[in-house]
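The values are calculated or read from the model by the stated rules, or taken from the named source; none is laboratory data. Values in this document were obtained by computation on a predicted structure and should not be read as measured data. Reconstructed Cβ throughout: ideal geometry from the backbone, glycine too, with neighbour counts over all protein chains shown. We work out accessible area using only protein heavy atoms, side chains counted, and drop any ligands, DNA or RNA first. Shrake-Rupley method; radii C 1.70, N 1.55, O 1.52, S 1.80 Å.
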Amino acid sequence: QVQLVESGGGLVQPGGSLRLSCAASGIIFSMSAMAWYRQAPGKQRDLVARITGGGSTSYTSSVKGRFTISRDNAKNTVYLQMNSLKPEDTAVYYCNADGKRSLYEGYSNYWGQGTQVTVSS
């Protein structure tokens, strides 16, 4: 069974920082592309940042220079360091994996349950 468990969300003031973590199990983590999405109330779920198994990263333009995605393959964990947070960053943040459960299977897409990030004074 594949599980993606997010943690680290919460309430932070504008200009503050948070680090989200996503612990993965049930997939070959080192071969998986990992991503963070977010969904604000009444809006669609959008890609925030992505990191490939080889460590290449990409970001949506609104978070470039403020957010950093990274991974620790030894811990099967992906992180999202969020600095200089703004009220418009308020959303539920979801971990996403594009991975395989075994070498004999193809790639599938998996989601975590989400963690709330609220940026407010």
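Here are some notes:
- A single entry from 101, 71 fulfils the requirement of being over 22 Å from residue 13 (Cα atoms), open to solvent by less than 70 Å² (accessible area, probe 1.4 Å) and of a type in the set (Lys, Arg): 71.
- So residue 93, is it among the aromatic types (Phe, Trp, Tyr) and surrounded by fewer than 21 Cβ atoms within 10 Å (Cβ to Cβ): no
- Pairs meeting the criteria (first residue in region 96-121 and within 13 Å of residue 32 (Cβ to Cβ) and in a strand (DSSP E or B), second residue open to solvent by less than 40 Å² (accessible area, probe 1.4 Å) and among the basic types (Lys, Arg), beta carbons under 8 Å, at least 6 apart or on different chains) are 108/100.
- Any chance residue 54 is at pLDDT below 95, farther than 21 Å from residue 7 by Cβ and not hydrophobic (A, V, I, L, M, F, W, C): yes
- Entry remark, region 1-17: residues being of a type in the set (D, E, K, R) and open to solvent by 60 Å² or more (accessible area, probe 1.4 Å) number 0 in total.
- Taking the criterion of being open to solvent by less than 60 Å² (accessible area, probe 1.4 Å) and in a loop (DSSP other than H, G, I, E, B), the residues of region 18-65 that qualify are 26, 27, 28, 32, 40, 52, 53, 55, 60.
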